[in-house]
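Taking it in order: structure first as structure tokens, then the write-up.
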Amino acid sequence: MKTKRLYYTDSNLLAFKSRIAEVREEDNTHITILEKTAFYPTSGGQQNDIGMLNNIEILDVIDGDEILHITSSAVGKVGDIVAGQIDFDRRQKNRHQHSAQHILSQAFFRLYEFVTMSVHLGEKYGNIEFDVKDISSAQLQKAEILANQVIRENRKVEVIITHTDHLSKHNLRKPPMRSGEIRLIDIDDFECTACGGTHVNSTSEILLIKIISTEKIRGRVTVNFLCGEQALNDYRNRFDISTAIAKKLTCSVEDIEAHFDKLIENNKTLKRSITTLQKDLIPSIIDKLANEVELFGDLPVLFAEENRFDKNLINQFSLEIAEKCNGIAVLLYNDKIIISCAKSVEQHAGNLAKKISAMTSLKGGGNKNIAQLGGVTSTDFDLLKTKFAELISEGNNET
Ligand SMILES: [Zn+2]
């Protein structure tokens with residue numbers, strides 16, 4: 001038995017009654033087939049409706065000649081009359097997104113002959129895949145302007161049930177994929193396509209269409225868009241964020257970008273001058289730290305925690321201090337251990353790092369003069385100090 005689709009002719013219908021034609025139970029889920037339904041099943045890139053059947057929550061609606069309503073408990077038995085209630089918010093979002101998609105598809109087709117290959121109307125935004133390699137920002141803007149003009153013109157959206165033999169009087173955007181009885185969605189003198197989805201009654205209901213991004217997938221371009229409530233919410237969020245940033249920068253929203261560019265430039269200048277100052281500081285810090293050297297046999301080793309230097313300077317600092325001590329420098333720098341060996345020392349920094357890796361879960365390596373280990377904590381560093389004698393006592397570490 002074919003389920004009669006009530007949403008085909010009335011996408012505003014949210015409450016309905018129908019007789020149960022069949023019930024099934026599979027893997028702890030209950031399947032109800034009704035004689036007629038207003039629930040839209042997932043198909044054509046549009047999500048299914050959600051809502052209630054006899055106050056039992058609908059988990060999924062599956063397409064086919066018979067539309068399957070999936071619930072976790074039984075809705076009733078064959079012959080019972082059940083009451084269906086469609087969730088308004090989800091239906092509204094689907095109607096807005098689907099009509100917005102038809103308008104955008106037609107806008108790109110009219111302006112540039114871009115053909116819509118696939119459509120996905122998602123939870124957060126909708127997207128359309130076009131059969132083109134590239135879409136310029138000027139083209140995106142022009143299509144968006146045309147789409148919003150169609151919204152403002154408040155064009156009537158009509159459902160036409162006809163037959164594929166009688167399509168010549170309709171200006172279809174693309175030929176239908178099946179023959180026989182066919183449902184067309186006609187947007188007054190602008191767009192007409194065969195479609196089974198739920199749509200608005202007139203274009204002004206969509207409020208607004210905003211293209212938010214594009215992606216290149218498999219040599220085609222996908223255009224992501226917002227519309228209706230979702231576009232308004234997005235505008236509200238962006239407005240709040242930009243207003244808050246403008247307040248912090250004490251400028252107008254229009255000047256945010258210029259102020260931000262200036263901040264980035266200032267930041268670069270500051271970094272450069274800090275690096276210069278740090279370079280000047282290296283000799284005096286080295287002199288101070290050189291007094292803290294410990295002797296392992298006759299090998300001088302310096303353990304120090306040093307977070308003051310920029311990451312571009314720390315290696316230079318580490319090598320210089322090892323030379324100054326004429327031994328090994330082991331520095332804890334943020335979450336890294338940096339081991340440097342003076343040229344005159346027989347120990348090999350990279351091999352020491354390998355030995356530490358084998359003893360701990362720390363990962364790293366390096367060459368004769370300098371090596372690094374990552375993901376280090378202060379506890380690891382303290383442990384390393386206690387085990388260091390053991391590490392260097394095992395003979396010459398040169399490769
Ligand atoms: Zn459609």
Put a dot 7 Å past each Cα toward the Cβ at Thr42 and Glu25; how far apart are the dots in nm?
2.5 nm
Euclidean distance of C-alpha centroids, region 144-201 and region 293-345, integer Å
74 Å
Tell me, what is the percent relative contact order of the chain, built from C-alpha pairs under 8 Å that lie six or more residues apart?
9 percent
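Leaving out ligands, DNA and RNA, and with a 1.4 Å probe, what % of the accessible surface on the chain is carbon or sulfur? Walk me through the intermediate numbers first.
Numbers: 10930 of 21640 Å².
Ligands and nucleic acids excluded, carbon and sulfur reach 51 percent.
Want the number for Lys124 to Ile81: 0.36 nm per residue separation, take away the alpha-carbon distance, what's left?
Numbers: separation 43, 0.36 × 43 = 15.48 nm, distance 3.51 nm.
Difference between extended and current length: 12.0 nm.
When only Cα pairs under 8 Å and 6 or more residues apart are kept, what is the percent relative contact order across region 1-147?
On the way: 278 pairs, mean separation 31.2, N = 147.
Dividing the mean separation by the residue count of region 1-147 yields 21 percent.
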Can you spot the aspartates and glutamates whose alpha carbon is less than 14 Å from Lys363's alpha carbon? Ignore those fewer than 8 places along the same chain.
Asp335, Asp380
Residue-normalised accessible area of region 4-86, expressed per residue, 1.4 Å probe, Å²:
48 Å²
For Phe88, the accessible surface traced by a 1.4 Å probe with all protein chains present amounts, in square angstrom to the nearest 10, to 110 Å²
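Given R₀ = 56 Å, FRET efficiency for Leu281-Glu254 by Cβ-Cβ distance, to 0.05? Each step should come with its number before you reach the end.
Values: r = 42 Å, r/R0 = 0.75.
Efficiency, rounded to the nearest 0.05: 0.85.
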Round to the nearest 10 and give me the degree value, 0 to 90, for the angle of helix 137-152's Cα axis relative to the longest principal axis of the chain.
40 degrees
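Once fully extended, how much extra length lies between Asn266 and Glu292, figured as 0.36 nm per residue of separation less the alpha-carbon to alpha-carbon distance? Mind showing how you got there, number by number?
Values: separation 26, 0.36 × 26 = 9.36 nm, distance 3.76 nm.
Stretched fully, the Asn266-Glu292 segment lengthens by 5.6 nm.
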Within the chain, percent of DSSP bridges classed antiparallel, to nearest 5
90 percent
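Between Lys169 and Asn201, what is 0.36 nm times their sequence separation minus the Cα-Cα distance? Round to one decimal in nm. The partial results should precede the final answer.
Values: separation 32, 0.36 × 32 = 11.52 nm, distance 2.16 nm.
Result: 9.4 nm gained on full extension.
When ranked by the protection proxy of mean other Cβ atoms within 10 Å per residue, highest first, what sequence do the peptides 117-123, 207-213 form? Numbers along the way, then the final one.
Working: 117-123: 15.0, 207-213: 18.1.
With the highest mean Cβ count within 10 Å placed first, the list reads 207-213, 117-123.
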Estimated FRET transfer efficiency when R0 is 45 angstrom, pair Asn233-Lys363 (beta carbons, to 0.05):
0.50
DSSP beta bridges in region 43-165 [antiparallel fraction, %, rounded to 5]
95 percent
In square angstrom, what is the accessible area per residue of region 281-393 with a 1.4 angstrom probe?
49 Å²
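What number, in percent, do you get for the relative contact order of region 92-236 if the mean sequence gap of Cα pairs under 8 Å and at least 6 apart is divided by its residue count? Walk me through the numbers before you get to the answer.
Details: 266 pairs, mean separation 45.1, N = 145.
Relative contact order comes out at 31 percent.
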What pairs from Lys216/Lys268; Lys142/Lys174; Lys279/Lys324; Lys248/Lys336; Lys336/Lys368 go past 25 Å between their alpha carbons?
Lys216/Lys268; Lys248/Lys336
Based on alpha-carbon centroids, what's the gap between region 212-254 and region 24-89 in Å, whole number please?
36 Å
Quick one: of the DSSP bridges fully inside region 281-393, what percent are antiparallel, nearest 5?
75 percent
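The values are calculated or read from the model by the stated rules, or taken from the named source; none is laboratory data. As the structure is a computational prediction, the values presented were derived from the model and not from experiment. With ideal geometry, Cβ positions are generated from the backbone for all residues, glycine too; neighbour counts draw on all protein chains shown. Side chains included, ligands, DNA and RNA excluded: accessible areas come from the protein's heavy atoms. Shrake-Rupley method; radii C 1.70, N 1.55, O 1.52, S 1.80 Å.
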